[in-house]
Amino acid sequence: MKDTINIIWFKKDLRITDNQCLFEYETSLPTIAVYFFESDIIRQSDFSDFHLQFIVSSLIHLESSLKKIGIQLLYIPLNAVDGLEYIGKYYSIKKIFAHEETGNLKSFERDKDVIHYTNKNNIKFIEYPTNGVVRRLKSRDSWNKIWKSRMSHQIYEAKKTTCDFELISEFSSNSKNCRKYYKHLFETIAQQRNLQKGGEELGKSILKNFLSTRSSSYMYNISKPFESQSTCSRLSPYITYGCLSVKYVFKETQKRMFELGQLRSTAAQNHIKSLEYFLSRLHWQSHFIQKLEDEPEMEIKNLNPDFNSIRNDTDTGLIDAVFSARSGIPYIDATVRELQITGWTNFRSRATLVSFLCNTCMQPWQSVASKIAQLFTDYEPGIHYPQIQMQAATTGINTIRIYNPVYNGKQKDIFGKFIYQYLPELRTVPIDFIHEPHLWDLFETLEYPHPIIDIKQANKEAKDILWKIKGNTSKETKNKIIKKHASRTFHSDRKNNTSSKKKHTSENNQTTLF
Ligand SMILES: Cc1cc2nc3c(=O)[nH]c(=O)nc-3n(C[C@H](O)[C@H](O)[C@H](O)COP(=O)(O)OP(=O)(O)OC[C@H]3O[C@@H](n4cnc5c(N)ncnc54)[C@H](O)[C@@H]3O)c2cc1C
């Protein structure tokens, strides 16, 4: 006779604080926590070591936090259904607690398989919502209200188990071997690159440090590639992998705004404005993920099908040059290097990189989305694909933005600090030529290529093509996209007024803010 157990399945909720599973599970029943290293997911083209190292470092911290509440974390190197079958050989599974995940198409398929498996085996599968994302959302009109109510809910405190329960030894030694393998892999990757490391405690200390000082110039520096490295929150991977819940970050930010409000100085008022700006980004987090939740095919198909007629050929030589930081355009090459070394770049640089590849160079976004995803430690499919489509102009509802990376560099990196930081091969180039080194007399002495494309000319052509398609799109198509995906006005002002009397869409605010 097998013992009956419950399972807490950790996916992208690698935390103790504000984890509904740890609040709702049955403390008097034997419970194990599991993480599945799923080869089906790991093998996908959008997955990379950058993600793996963050996951493993988060799990190591999670494991010791779980121990404190009496729960053991098992590392299982199997796809979810195979993993459940494996556990089922030793135990009779009664319930599984997990969070809903809005991931790529493969994870969507996996979720359906798990539901099928649990139904067939009479296992109760209980899933809780993730941040502000709403499963089976009926209408976008009610979304802001739901988001606001989720953010105002109390923080879930993890409960201690009251059940003394020992695992079958073969079972726990297999998990130890898996842990050892992945820990070694993590240490190897961590030695090679300067990537952000995971873990709830680290996430909390980065948040604390951001709210106390770094955030004061958040708004002012948000698009500057050098300064934003330290003045942006840098919380994205912690939010992506759920080391921190958005609700927790939101509440801590509100507390800080209240404290600053007591000071009444101009500096404090400006600091509050920066934090309001930050709160609006937290709102966007779920707003974007909701798009993929409502339309998973966004990962592969243009939202506005009228764009299917263009960008049908991939120039692999050009794409390889860009991803080797050899485009000959310093701002683009420095962005790629920054990503390769740190796994992060700011919003503006991400948007410029996509615009350069998909608009200036007219490459299909489907040919570059995975390559970029691999370089983002914070890769979040629900933000990534809607953002890629937005920057590639295929959403049909946003204004078309075609960035000029040289102009961007001159505006946002006036002294070339970002370029000098990531392109040491340009260290001898005088500041006057740092954004266009090919115009410098001594350019031929450098180990650096000529620009891969005439940006001004290519952008002009792209503008004509993209606006023509957008202009010819039928009202019916546009309205359909707006109804399903466009944001309804949201305010995160000091009175915390998140509702709007007039219902109207404000999708373009997202880009006009930058
Ligand atoms: C083409 C493209 C792809 C992107 N892919 C991702 C991705 O895979 N994962 C990801 O987390 N962000 C993505 N972003 C959004 C944004 O660039 C990053 O969230 C941000 O740069 C992360 O740094 P930070 O945590 O310091 O951000 P902060 O500016 O400090 O923002 C705080 C948090 O708000 C959220 N956020 C910020 N900006 C946005 C935005 N524009 N849309 C939605 N949420 C936002 C993130 O969770 C972020 O951690 C993408 C943007 C573009 C243009």
| Those lysines that a straight Cα-Cα span of less than 23 Å connects to residue 468, excepting residues fewer than 8 apart in one chain | 301, 456, 460, 478, 480, 483
| remark: Distance in nm between residue 318 and residue 138 label points, each 7 Å along Cα→Cβ, equals 4.7
| remark: Expressed in square angstrom to the nearest 10, the accessible area of residue 173 with a 1.4 Å probe stands at 50
| Value of [θ]222 nm, deg cm²/dmol, for the chain, DSSP H segments ≥ 4, -39500 (n - 2.57) each, nearest 500 | -15500 deg cm²/dmol
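Where only protein heavy atoms count, and the probe is 1.4 Å, what is the accessible area per residue for the chain in Å²?
Numbers: 23140 Å² over 514 residues.
I get 45 Å² per residue for this part.
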| said: So for the range 199-294, if I pair up every lysine 8 or more residues apart or on another chain, how many of those pairs have alpha-carbons under 20 Å apart? | reply: 13
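Extension gain residue 262-residue 177, at 0.36 nm per residue separation less the Cα-Cα distance, in nm?
Values: separation 85, 0.36 × 85 = 30.60 nm, distance 5.31 nm.
Fully extending the segment from residue 262 to residue 177 adds 25.3 nm.
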| field | Magnitude of the charge dipole, the range 199-294, Cβ model with Lys/Arg +1 and Asp/Glu -1, debye to 20 | value | 260
| Counting only protein heavy atoms and using a 1.4 Å probe, what share of the accessible area of the range 297-485 belongs to carbon plus sulfur, as a whole percent? | 52
| remark: Among trypsin sites (Lys or Arg not before Pro) in the range 263-305, those in a DSSP loop whose Cβ has at most 10 other Cβ atoms within 10 Å are 264
| field | Computed E for residue 457/residue 42 - FRET, C-beta separation, R0 35 angstrom, nearest 0.05 | value | 0.25
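How large is the dipole of the chain about the Cα centre if only Lys and Arg carry +1 and Asp and Glu carry -1, each at its Cβ, rounded to the nearest 20 debye? Numbers along the way, then the final one.
Values: 71 positive and 56 negative charges, 437 e Å.
In debye, rounded to 20, the chain gives about 2100.
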| said: Against the 2.2 N^0.38 Å scaling, with N counting residues, where does the chain land? I'd like the Cα-based Rg ratio to two decimal places. | reply: 1.01
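Please pull out the direction-averaged projected area of the range 297-485, using the convex hull of its alpha-carbon atoms, in nm² to one decimal place.
Working: hull surface 42.2 nm².
Quarter of the Cα hull surface area: 10.6 nm².
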| query | Okay, which of the range 63-90 sit inside 19 Å, backbone N to the point 7 Å along the Cα-Cβ direction of residue 28? | reply | 70-71
| task | Sequence neighbours fewer than 8 away in the same chain don't count; with that in mind, list the lysines whose C-alpha is under 23 Å from residue 120. | result | 2, 11, 89, 94, 95, 106, 112
| Only Lys, Arg (+1) and Asp, Glu (-1) charged, at Cβ; the range 277-344 dipole about Cα centre in debye | 300
| task | Leaving ligands, DNA and RNA out of it, work out the accessible area of residue 37 with a 1.4 Å probe and give it in Å² to the nearest 10. | result | 10
| field | DSSP bridge orientation in the chain - percent antiparallel, rounded to nearest 5 | value | 5
| field | Distance between the range 25-69 and the range 384-399 - C-alpha centres, whole angstrom | value | 32
| message | Using only the alpha-carbon atoms, how far is helix 80-90 inclined from the longest principal axis of the chain? Give it as 0 to 90 degrees, nearest 10. | response | 20
| request: Run the quick spin-label model on residue 425 and residue 153: label points 7 Å from Cα toward the beta carbon, then report their separation in nm to one decimal. | output: 5.1
| remark: Amide H neighbours of residue 99 at under 5 Å, excluding residues fewer than 5 places away on the same chain, with H built from the backbone geometry, are 11, 128
| message | If you roll a 1.4 angstrom probe over the protein chains with everything in place, what fraction of the accessible area of the range 199-294 belongs to carbon and sulfur, to the nearest %? | response | 57
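Please report the carbon-and-sulfur percent of the accessible area for the range 1-144; probe 1.4 Å, protein heavy atoms only, DNA, RNA and ligands left out.
Values: 2890 of 5840 Å².
Summing carbon and sulfur atoms, their accessible area is 49 percent of the total for the range 1-144.
The values are calculated or read from the model by the stated rules, or taken from the named source; none is laboratory data. Everything numeric here is computed off the predicted structure, so don't read it as measured data. Quick reminder, even Gly has a Cβ in these numbers, built from the backbone with ideal geometry, and neighbours come from all protein chains shown. Side chains are part of the model used for accessible areas, which takes the heavy atoms of the whole protein and leaves out ligands, DNA and RNA. Shrake-Rupley method; radii C 1.70, N 1.55, O 1.52, S 1.80 Å.
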